[in-house]
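Working notes, beginning with the structure itself.
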Amino acid sequence: MDLAFTPEEQAFRDEIRAWVRANLPAEISHKVHNALRLTRDDMQRWAKILGKKGWLGYGWPKQFGGPGWNAVQKHLFEEECALAGAPRIVPFGPVMVAPVIMAFGNKEQHERFLPGIASGEVWWSQGYSEPGSGSDLASLKTRAERKGDKYIVNGQKTWTTLGQYGDWMFNLVRTSTEGKPQTGISFLLLDMKSKGVSVRPIKLLDGECEVNEVFFDNVEVPAENLIGEENKGWTYAKHLLSHERTNIADVNRAKRELERLKRIAKTEGVWDDVRFRDQIALLEVDVVALEMLVLRVLSAEKSGKNSLDIAGLLKIRGSEIQQRYSELMMLAAGPYSLPFIEEAMEAGWQGDFPGGVTANAPLASTYFNMRKTTIYGGSNEVQRNIVAQTVLG
Amino acid sequence: MDLAFTPEEQAFRDEIRAWVRANLPAEISHKVHNALRLTRDDMQRWAKILGKKGWLGYGWPKQFGGPGWNAVQKHLFEEECALAGAPRIVPFGPVMVAPVIMAFGNKEQHERFLPGIASGEVWWSQGYSEPGSGSDLASLKTRAERKGDKYIVNGQKTWTTLGQYGDWMFNLVRTSTEGKPQTGISFLLLDMKSKGVSVRPIKLLDGECEVNEVFFDNVEVPAENLIGEENKGWTYAKHLLSHERTNIADVNRAKRELERLKRIAKTEGVWDDVRFRDQIALLEVDVVALEMLVLRVLSAEKSGKNSLDIAGLLKIRGSEIQQRYSELMMLAAGPYSLPFIEEAMEAGWQGDFPGGVTANAPLASTYFNMRKTTIYGGSNEVQRNIVAQTVLG
Amino acid sequence: MDFDFSDDQVALRDAVQKWVEKGYGFERRRTIVEAGGFDRAVYTELAELGLAGLYVDEAHGGLGMGPVEAMVVMEELGRGIVLEPLAQTLIASGVIGAYGADDVKAAWLPRIASGEALVVLALQERGARYRLDRVAATASQAGGAWTVSGEKHLVAAADRADAFLVPAVANGQPALFLVEASAKGVTTTGHLTQDGSRAGNLSMDKAPAVLVCADGQAALEHAVDIGIAATCAEGVGAMEQTLALTVDYMNTRKQFGVAIATFQALRHRVADMKMQLELARSMSYYASLKLNAPAAERRAAMARAKVQLGNAMRFIGQQSVQLHGGIGVTDEYIGSHYFKKLTQLEMSFGDTLHHLGEVSSRMQDTAGVFA
Amino acid sequence: MDFDFSDDQVALRDAVQKWVEKGYGFERRRTIVEAGGFDRAVYTELAELGLAGLYVDEAHGGLGMGPVEAMVVMEELGRGIVLEPLAQTLIASGVIGAYGADDVKAAWLPRIASGEALVVLALQERGARYRLDRVAATASQAGGAWTVSGEKHLVAAADRADAFLVPAVANGQPALFLVEASAKGVTTTGHLTQDGSRAGNLSMDKAPAVLVCADGQAALEHAVDIGIAATCAEGVGAMEQTLALTVDYMNTRKQFGVAIATFQALRHRVADMKMQLELARSMSYYASLKLNAPAAERRAAMARAKVQLGNAMRFIGQQSVQLHGGIGVTDEYIGSHYFKKLTQLEMSFGDTLHHLGEVSSRMQDTAGVFA
C-alpha cells in the first residue's frame, strides 16, 4: 500500500503537465477557470490540439491509434487537463461511441469513423433519451425500419447535449417490438446532415442552450451504419455504460473548483467567517474522500485485484459535490450572485458588473445548471437502486 | 389571527401552573429535570395526585368525569406539566384505552374500568405489537378462541412498554382468520394477574428494562371483557390512532430539554464555541417551528375550521427533535458522557462521577434510548408513507 | 391563540389569487422578463387592487391593514411568482408610516397607496453583505437641506422606481433618507436578476434628500424585518405551488410502466417536502405575527423564521427539480422559474447562514415560541 | 499509488479475523462486559498473536510493522467490537519507540510487545475537552528524578493497566512522562464506558515518573494521531459488520408479506450506508498512509479523516438501528452494541465538530489528497 504515485507515474504526470500548459490556449483556460461561456470553436479547438497529439482518444488502445494508457495514466491525464483549465473533452465521440465502434463495429466502420473522432474533426452526439424514456431507457420508441439497404428512422430524441453542433449521432433505435423492450433495440450511426433530421435547442433554466431535441422524419440511414447485429443494441449500450469510468466522479474538476471557491470566499469576505468556512471545510473533506475513493478504483483497475464495483457511488457522490461547490460559490457572493447579465459571461466583457467583481456573474447560472448532474447519466435515484442491488441483492 | 393566548387561556394556564408547582413532588421533578431513573412508584405517585384532582384523564369529557377541556386547554395542561418537570403520564390507561372504552364499551365496562383509570390506581399496558407484526400490525397472530363465556388466549405480545408494572392490558387478538387480516381482530381487556400470563422484561441498549414480552398460555378471559363486537377490534384501534394527538410531537418536553441542553452546554464550556452553538441555534429554530405547527393544529381543532391532517408530520418531526437534543447533550459533554455508571442515574447517588458533573451520567443512555422514538408508534417510515399518501394520493 | 383567517382576509386572498390566475399567466410573465423584468402596468394593477396601500392608513388613502393581510397577499404573489416588487412597497409604506414626519407622510403615502409612486429600499452596499450596520453612504446637511452620496446595488426596479429609501451616515450615525429618482445627482442602471425580476444600481452624488428617520438603524432594521416577513410569505406561496407542480408531474409521468408517484423513495421525498412546507408556513405565520412586536423580539423572530424558510426553500426547490428530471431544468417549464425564485428569496434580506448567526447570537436560556 | 494489500498483510488480517471469529464471540464479550469491560486473558491472547508488538521493532521483540498493518488489525478488532484497548498499545509503543531514550525503550518495549505490560495514554482532563494544548497536570524535578501530579479521566483500563503515558507541564512546557501504576502516589479507579469497555480515573500525587519526551506537544499530537488512525480503522470494521447485520436482517424480516429489503425507501437508505462506508474506508486508508508524514501534513490528514469517519459512524449506526426497528434497540441483539461502539468511537480522540474546526483552521488554497 502506498499513497504516492510511483516515480514513473510522477514522470508521466510531469510530461503531461508540461505539454498541456504549453499547448492549452490561455484564452480558453481563462474561460474555464472563470466559468465563462465556451463556444463550439473553443471546444473543438482544444479537441483538435489534443487530436493532433494523439490524446483526444486518450483512453484508446494502441491498436486503434490511442496511447494505450492504463487507468492511472488516464486519470493523471484527466487531472492535469482539469487543473490546467482545459475544457472537458466532449465525450460522445472519443469516450462513448468510439469504444462501441471498436468493440462491435466492423473494419470498414473502424476505418470510416475512428479517424474523424480521433482528430476532433467530427462532432458526435448521443441519441439515447426520449421524451417518454428517461430512467426507463429501454422503453424508447424511435423506430428504424429496414427498407432494402437502408433504415428509415422516425421518432424523437431529447436531452441531446450540444447536439446543435453535431455532425454525427449515435442512436438507440427500435427495430423490433417483439419480446422484452431491451431485445428490439439497435445501435445506429446517423449523419445529422441527412434529410429529415431537425434539431431544436432547448433553453435551460440558466438561459443557455446546452441540450436539444432531435427529430427524425423519415430519415434514410444506410444499413452499413448499423453497429453489430440488429436488435443487439442494448448489449452494446450497456457495454458502454458498464465500462468502469472513474471520470464520472469528476473529482479533478471538483479540486479545481474547490480552489476557485476558496478564492471567491476570500474576495467576498467570507473566508474569515467561521460559519461559512466550515462549509468549505466540510466540502474539502468530501473532495478528499471522493478522490481517495477514485484512487482506490484506479489502483484496483491497475492491479486487477480487488475490483471495486462502485461506479454508482462515484456518480452519486461526484454529482452531489459538483452541486455543493456551485451552491457555495453562489452563497459566497450572496447578493452579488443575483444580477443576471448574460453578456457578463462572455470573456472580455467590459461592462460594469454590480459590485465590480465580474467573476461573480456566472455563479448562480452554474448553480442552476449543475442541478442536471444528479439527473443525467442515470439519475442518482437509479444509481441508488443499482448500489442497493449490489448490497442487498 | 393572533399568536397570544386569550386572557381566559392565560388564566387557565396560570391556574394549572400554580397547582402543578404546588403539588408536584420536588424529588420527582428533580429526577425528570435531570433524566434520572424514575421508579414505578414515582410515576404512580404523580398519577394518583393527578387522579385525585380529576386531571389524570385530562382529555376526558365531563360525562365520564373528565374536565372537558378543549384542545388548547389540554395543550396548556401538558405544557405546564412538562415544563414543571412532571413525569409523562403513562398513556396506556387514561389516554389510550379509556377513550376506546368510552366510545365502544358498554355501561358495565364504563363503570368497571374507568374509575380505576381515572384515579391512577390501575396500571394499564398495551398489547399491540408482536414479534412478527411491527409496522404490519394487522398480521398479528395472538389467538382468542371463544369457549362458552370465555376467551382462551394464546400467543405473544412484545415491546409492551412498562408492562412489568401492568395490572391490566388491552390487546388486539385474532378471533377469526377469515377475510382480510384486519377483519378478524378483536379488542380484549385482560387481567395480567390471570393464570397463564407471563411477562419477560427486555433489556434495552441503555441497560434499562422499559419494554417487555408478554406471553399468553391458555389464558382465560371472561367474554364480558370484549370491547364492542367480535372482529371489529381493528376499527376501535384505528379510532384510537386517528385521534389527532398533538402530544405525539412532545414539543413541550422538547422546550424543557432545549433549556437543559443550554445549561449543559454552558457547564461543559461549548456555549461560547460558535460551531457547537450553531447546532443549538438550529435546534432552537426546529423547536419553535414545531411548536408553531402544533399551535396551528390546536387552533384548527379549537375553531373547527381548517382542520389539519398532519399528525404524521408531528410524529416525524417531534421524534427527530427528541433524538437531536439528546444527541447534542451527549456531544456537549463529549468524553464525560462516556462513563457508564448505572448507579449514577439514581437520584441522590453520592459517588464520584468522572469530571465531577454527575448530571452528565445519563446523557449517552438517553441518546441511546431515544432511538426508539423514530421506531415506535408507527415508524417514521410508515408515517412518511401516510404523509405521502395524503399529498400524492 | 388563533390561526384562522378572518372573512376579510379570505376575501383579500381570493381577490389576489383571482388576479394572479387571470392576469398573470406564464406567458405574460415571460413577456415581462424579456422586456426587462418589470412592468409598470402590472404594478398599477396591483395598486388598483389596493395592495400598494395595504400598509398605508386610511387617512392617507390606504387600506390600513396589518402584517397578516400582507402575508396573505405575499403568499398569493409568491404562488404566481409575480415579478413586481410589492414587498418593497410594504417596506416603504411601513417605514414612512412608522417613522416619517407628518409632512413626509402626507407627501408620499397617498402617492404610494395609489401606485403613482414606487418607492424602494436601496440597501445593498458592496462590503456589507447582509449586515445592516455597515453603511458607507453619507449624508450631510447644509442650510437645513440634506444631500446624500453613495452607491447602492441590487436595488429593486432601480431604474423604474420613483424614489428610494436610503440608509446613509449622518453625523456619524446611520439615518434613513428619501431620495427621488429625478433628483439632481441621481443615476440609476438596470439589469435582470436571477429570478427574472429587475434590479439595478443607484448612484447618488450629493443628491437632495429628505430625512425620514434620524435613528436610521432602528428604522432600517424594521424595514428589513418587513421585508423578511414578506419574503417568508412569498416563499410559502412559491413552495406550495412548487409542490403542487411536482405532485401533478409525478402522478402523470410514467416510467417502467407506472406513474413515478408510485416509487416509495420518491414518495418519502415528497413527504419531506410537505414537512418543510408546513414548517415554513408555520414560521411565516410566526414572522408576520411578530412583526409588530418590540424590536428585539421582532428581530429574533425574523431570524428564526428566515432560517427555517431558507432551508425549506432550498430543499423544496432542489427536490422539485430532481423529481421532475430533465424537464425540471428547462426554461420552458414553469417549475424551473419557481426554483430560481426560491433560490433568490433565500438570499434576500439575509441568507440562512447569516440568520443562523443572528439566532445564535440572540439565544436566551429559554426556549420556544413565547421565549 | 497502490491500495492492494501484500500477502503478509492479508495473512495478518486472516489471523486476526480467525481469532475474533473463534475466540471472541458475543457471549464471551458479554461475560467480559459483566466482569468490568476488560479481560487480561484476552489481552494476552492478542499479544500472543503478536499484535501488542506490532509497532515494536524487532530488536525489542516486536514485529516492526507499520500503520497499514495496524489498520488491518484494527479493522478486524472493530469488526469483532473487541473491548481490550489495542489502540492504546499502538500509541504507547509508537510513541516510546519514536521519542523515548534508549533505556526507556529497552525497559518497556519488550514488555509491551510480550503483553506483560499494558501501557495506556492518560490524556483526558476536565476542561480540556478534545484540545491537546490544555494540560493541567504538572511535573517537577528534584535530584534528577521527576514526579508528576494531576488527575486524568477516561483512561482506558485505568485500574488494569501497568503504566501510563502522561502529558504534564514541566518548566512551563508540556512534556510526556511514563508513570507506573505501582508507583507511590498513584491511585486509579475503574468503571464501564458506554461501549462496554473499561476506563477509569488516574490520580497522581507527586508520583515518580520517567521522562519520555520533553517536547510533549509533538509527542502528544503524534500519540493522538496514532489513536485517530486506529480509531478510523476500528470504525471501518465496526461499520462493515453493522451494514452486514443490517443487510441480513432486511433480507430476513418480513412485513406485509415481503422482506423489508424490497422497500425502495429502505433500499436507498442502504445505498447511502454503503456510500458512507466506502468513503470512510477510503479516509481510513488515507489516515494510515499519512501517519508517517511530517507533523503538519499528518495532523491535517487525521482531522479530515476523523470528520469523514465521525459522520459515517453516526449515520451508519443510527440507520442500522432504525432499519432493524425494535430489535435494534435491545441489549440481547448484537447490533445495538455496534451502535454504541460507533457512538463512542466518534467521541474518541476528538469528535466530528472538533475535527471540522481543525480542518477549517488548517485549510490551504489548494485542494485534494495531495494538497
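The values are calculated or read from the model by the stated rules, or taken from the named source; none is laboratory data. Quantities reported herein were computed from a predicted structural model and do not represent experimental measurements. All Cβ positions, even for glycine, are placed from backbone atoms using ideal geometry, and neighbour counts span all protein chains on display. To get the accessible areas, we keep the full protein, side chains included, count just its heavy atoms, and leave off ligands, DNA and RNA. Shrake-Rupley method; radii C 1.70, N 1.55, O 1.52, S 1.80 Å.
Before moving on, here are some points about what is shown:
- Positions within region A:272-293 being at the interface with chain D (Cβ under 9 Å from one of its Cβ atoms) and over 18 Å from D:GLY310 (Cα atoms), in sequence order: A:VAL274, A:ARG277, A:GLU291
- Of everything listed in (1) more than 14 Å from chain D (Cβ to nearest Cβ); (2) modelled with pLDDT of 95 or more; (3) open to solvent by 20 Å² or more (accessible area, probe 1.4 Å), the single unmet condition for B:GLN156 is (1).
- Taken together, A:GLY348, A:GLY334 contain a single residue that is at positive phi, more than 10 Å from chain D (Cβ to nearest Cβ), in contact (Cβ under 8 Å) with a residue 40 or more places away in the chain and not hydroxyl-bearing (Ser, Thr, Tyr), which is A:GLY334.
- Residue, farthest from the other protein chains (Cβ to nearest Cβ), within region D:282-295, restricted to residues that are farther than 20 Å from D:GLY78 by Cβ and touching a residue at least 24 places away in the same chain (Cβ under 8 Å): D:ALA295
- Flag for D:ALA219 being at positive phi and aliphatic (A, V, I, L, M): no
- Condition check for A:ILE264 on (1) within 17 Å of A:TRP159 (Cβ to Cβ); (2) within 14 Å of chain C (Cβ to nearest Cβ); (3) in contact (Cβ under 8 Å) with a residue 60 or more places away in the chain: one failure, at (1).
- Among the candidates A:VAL219, A:VAL173, A:VAL214, residue that is over 26 Å from the mean Cα position of the chain (by Cα), in contact (Cβ under 8 Å) with a residue 60 or more places away in the chain and in the same structural domain as A:ASP136 (by the TED database): A:VAL219
- Looking only at region B:352-393, and only at residues there that are more than 7 Å from every other protein chain (Cβ to nearest Cβ), in a helix (DSSP H, G or I) and of a type in the set (Val, Ile, Thr), the one that is surrounded by the fewest Cβ atoms within 10 Å (Cβ to Cβ): B:THR390
- Inside region B:141-162, residues that are charged (D, E, K, R), in a loop (DSSP other than H, G, I, E, B) and touching a helix residue (DSSP H, G or I) at 6+ places or on another chain (Cβ under 7 Å) make up a count of 1.
- Of the residues making up region B:19-43, those that are more than 23 Å from B:TRP123 (Cα to Cα), open to solvent by less than 60 Å² (accessible area, probe 1.4 Å) and not polar (S, T, N, Q) are B:TRP19, B:HIS33.
- Scanning region C:224-233 turns up no residue that is closer than 30 Å to A:ASP136 by Cα and part of a helix (DSSP H, G or I).
- Of the residues making up region D:134-146, those that are open to solvent by 40 Å² or more (accessible area, probe 1.4 Å) and not charged (D, E, K, R) are D:ALA136, D:THR138, D:SER140, D:GLN141, D:ALA142, D:GLY143, D:GLY144, D:ALA145.
- Here is the figure for region B:89-140: residues that are assigned to a loop (DSSP other than H, G, I, E, B), under 30 Å from D:LYS254 (Cα atoms) and more than 14 Å from chain D (Cβ to nearest Cβ) total 1.
- Filter result for C:ALA183 (at pLDDT 95 or above, over 19 Å from C:LEU51 (Cβ atoms) and surrounded by fewer than 17 Cβ atoms within 10 Å (Cβ to Cβ)): no
- Scanning region A:323-334 turns up at least one residue that is open to solvent by 10 Å² or more (accessible area, probe 1.4 Å), basic (Lys, Arg) and within 29 Å of A:ARG37 (Cα to Cα).
- Pairing each residue of region A:22-50 that is at positive phi with any residue that is open to solvent by less than 30 Å² (accessible area, probe 1.4 Å) and of a type in the set (Gly, Ala, Ser), provided the two are 6+ apart or on different chains, yields no C-beta distance under 6 Å.
- Residue list for region C:226-281, filter: β-branched (Val, Ile, Thr) and either within 13 Å of chain B (Cβ to nearest Cβ) or surrounded by fewer than 23 Cβ atoms within 10 Å (Cβ to Cβ) (or both): C:VAL236, C:THR242, C:THR246, C:VAL247, C:THR252, C:VAL258, C:ILE260, C:THR262, C:VAL270
- Scanning region B:208-226 for residues that are open to solvent by less than 20 Å² (accessible area, probe 1.4 Å) and either assigned to a loop (DSSP other than H, G, I, E, B) or of a type in the set (D, E, K, R) (or both) turns up nothing.
- Sole residue being assigned to a helix (DSSP H, G or I), within 29 Å of C:ASP195 (Cα to Cα) and in contact with a helix residue (DSSP H, G or I) (Cβ under 8 Å, 6 or more places away or on another chain), chosen from A:GLU327, A:GLU301: A:GLU327
Rundown of residues vs (1) at pLDDT 95 or above; (2) open to solvent by less than 10 Å² (accessible area, probe 1.4 Å); (3) farther than 26 Å from C:ASP159 by Cα, yes/no style:
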| residue | (1), (2), (3) |
| --- | --- |
| C:SER6 | yes, no, yes |
| C:GLU45 | yes, no, no |
| C:GLU48 | yes, no, no |
| C:LEU54 | yes, yes, no |
| C:VAL73 | yes, yes, no |
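- Test: D:ALA122 is away from chain B (no Cβ under 13 Å) and at pLDDT 95 or above: no
- Conditions (1) facing another protein chain (nearest Cβ under 9 Å); (2) modelled with pLDDT of 95 or more: number failed by B:SER326: (1)
- The selection criterion, being open to solvent by 50 Å² or more (accessible area, probe 1.4 Å), within 24 Å of B:ILE185 (Cα to Cα) and touching a His at 6+ places or on another chain (Cβ under 9 Å), holds for B:PHE104.
- Among the residues making up region D:147-164, a single one is assigned to a helix (DSSP H, G or I) and of a type in the set (A, V, I, L, M, F, W, C): D:ALA158.
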